[in-house]
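Every read-out reported here was derived from the displayed coordinates using simple, explicitly stated rules and does not represent laboratory data. Just so you know, these numbers come straight off a predicted model, no measurement behind them. We place every Cβ from the backbone using ideal geometry, glycine too, and count neighbours over all the protein chains shown.
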Amino acid sequence: MKIDTELQEDHQLKLTVEMEADVLEGAKRKAAKKLAKRVKIPGFRPGKAPYNVIQRHIGDGAILEDAIDIVLEEEYPKILEEAEVTPYGPGALENIASMDPPTFEFKVPLAPEVELGEYREIRIDFEEKEVTDKDIQDVIENLRDQQAVIEPAERPAEEGDMVYIVLDGEREEANEEGETKLVDNRRVPVVVEKADADADKEWPYPGFSRELIGLSAEDEKELEFTFPKDYELEDLQNQKATFKLTVEEVKGRTLPEVDEEFIKSLGEYEDLVALQKDIRESLEKRFEEEQNANYESQIIDELVESASFKFPPQMLEHEVDHFVQDLERSLPQQGLDMETYLKSRSMDAEALREELQPNAVERLHRSLALMEVGNQEGISVESAEVEAIAQQRVNEIVQMLGDEQARQFTSGENLQGLVSQIMTEEITTRTLSRLRAIAKGEDPDAIEEDEETPEETSEAEKETPEENQESEAEQEEAEDSEEQPEPQEAEE
């Protein structure tokens, strides 16, 4: 067997393979024997006719077609091994260059390659965020706000009131779909925020709620607003808009006193001090998680910036597939399906995939960089640890769904997928921990990996009292084979 290789610009390898004639001839005889079992040849039992008889009866073309499949199945793994190729996925038979001698041309997507920069030289200051008394008081105020008693108020709107309005809004310039409407006579409940509140979180634009101060039921008002150039929605940046509103009703909001009754309504707290202590601990954990996530993101940014990547187009397509699948899963929460979503954005599936490509490339870069750091640092996880975590997850699924329903999620390929997912998660967690230590200036060679698997915290345990409360105003308004892959024949 003679193999010529030619590396392509898209990180695929072109293999031109010249085989011995007897390889193809042997495959043709195997193919003929298989075909003969499926057809009736007069005078012979199925599969017992001589090769030349089968050849005359079935035709050399049909035999050759199946023979090529047999050659690919039997010889392709040997070709990859002899050529010392590590593929990303299945290769494709691109062309049969010759039948004498048998010569085949394959295109094989190669496994990704990552060349990291001096990642052990990364240094980033870590800023710890302390929990202040104001942070705690803000949580308590939000809890009071969620338990506010809302009653009609026969007076102009004041700070803190709930004002129900009918809102209509148009942008001055049409968007790419030719639309100008931002809001179409929509009934909206608006809380008039305090002057020192974070106005950027308001809708339909920052500071909108305070425009309602002094308005009474049936009052009308027209407002103009130019969205800032750094507005979070790019489509609205620097856009001028006009809003017209009519006040339907003004409701006053009476907040509960921070007394024993209020404290008891939040959980089993003895007093205000116990509540404040619990809030502080919850905030400390939340702040630590947020700061670590932000810190890790900065580290990965520098890691990716100093690295170079090579991967085949198939890998990018698979990543785009994941983005599309994630979108499809999330759309029902908005009352949409993919067809409706695409129509609303005046685009087809191909345009969506093109739009998602930059995000897919970014995510590939970040995950590949992390994987390479893990490889270079020799980070691994003991199988016993993975099995223990997998068993814990299985137990949780059983508790939620029961034995019968849980079995489909915890058997066969699903269980293998769960184990693989846990392995990836654990290695990623340890790699990030190593990178955090490096970025803080600690000696990487002195870092000892924690051999104990941390206990997982349930979502309920992570919640603060604030997250356990529902807003009364909202209630009212709502009333992811070790065998070498076989090649695929290219589509004509």
Among 221/251; 33/78; 229/285, the pairs whose Cα-Cα distance exceeds 29 Å are 229/285
Between region 315-336 and region 250-265, what is the separation of their alpha carbon centroids in Å? 42
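By how many nm would the segment from residue 174 to residue 147 grow when fully extended, if each residue of separation counts as 0.36 nm and the alpha-carbon distance is taken off?
Contour length minus the Cα-Cα distance gives 5.6 nm.
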In the set (1) 102, 60, 50; (2) 82, 57, 39; (3) 132, 48, 41, which value of Cα extents along the principal axes in Å was calculated from the structure you see? (1)
When 398, 39, 273, 114 are ordered from fewest to most other Cβ atoms inside 10 Å of their Cβ, what list results? 273, 39, 398, 114
Among 388, 150, 165, the residue whose Cα sits farthest towards the positive end of the charge dipole of the chain (+1 at Cβ of Lys and Arg, -1 at Cβ of Asp and Glu, taken about the Cα centre) is 388
Grab the DSSP H runs of the chain that are 4 residues or longer, score each as -39,500 (n - 2.57), total them, divide by all residues and round the 222 nm result to the nearest 500 deg cm²/dmol. -14500 deg cm²/dmol
Once the Cβ-Cβ distance between residue 125 and residue 428 is put in as r, and R0 is 25 Å, what FRET efficiency do you end up with, to the nearest 0.05? 0.60
Cα centroid separation, region 144-159 to region 271-288 (Å): 28
Compute the distribution of all C-alpha to C-alpha distances in region 311-377, in bins of 5 Å from 0, and list the percent of pairs in each, rounded to whole numbers. 3, 16, 22, 20, 15, 10, 7, 4, 2, 1
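Cut-off is 10 Å between beta-carbons; in what order do 318, 365 appear when sorted fewest neighbours first? If you can, show how the numbers build up before the last one.
On the way: 318 14, 365 19.
Listing 318, 365 from fewest to most nearby Cβ atoms yields 318, 365.
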Only loop residues by DSSP count here, and only those with at most 13 other Cβ atoms within 10 Å; note down the trypsin sites (Lys or Arg not before Pro) in region 300-349 that meet that. 345
Cα centre as origin, Lys/Arg/Asp/Glu Cβ charges: region 311-377 dipole, Debye: 180
Rounded to whole angstrom, the alpha-carbon centroid of region 30-93 lies from that of region 184-233 at a distance of 72
Whole percent per 10 Å bin, from 0 to the bin with the longest distance: what is P(r) over all C-alpha pairs of region 2-111? 14, 40, 25, 15, 5, 0
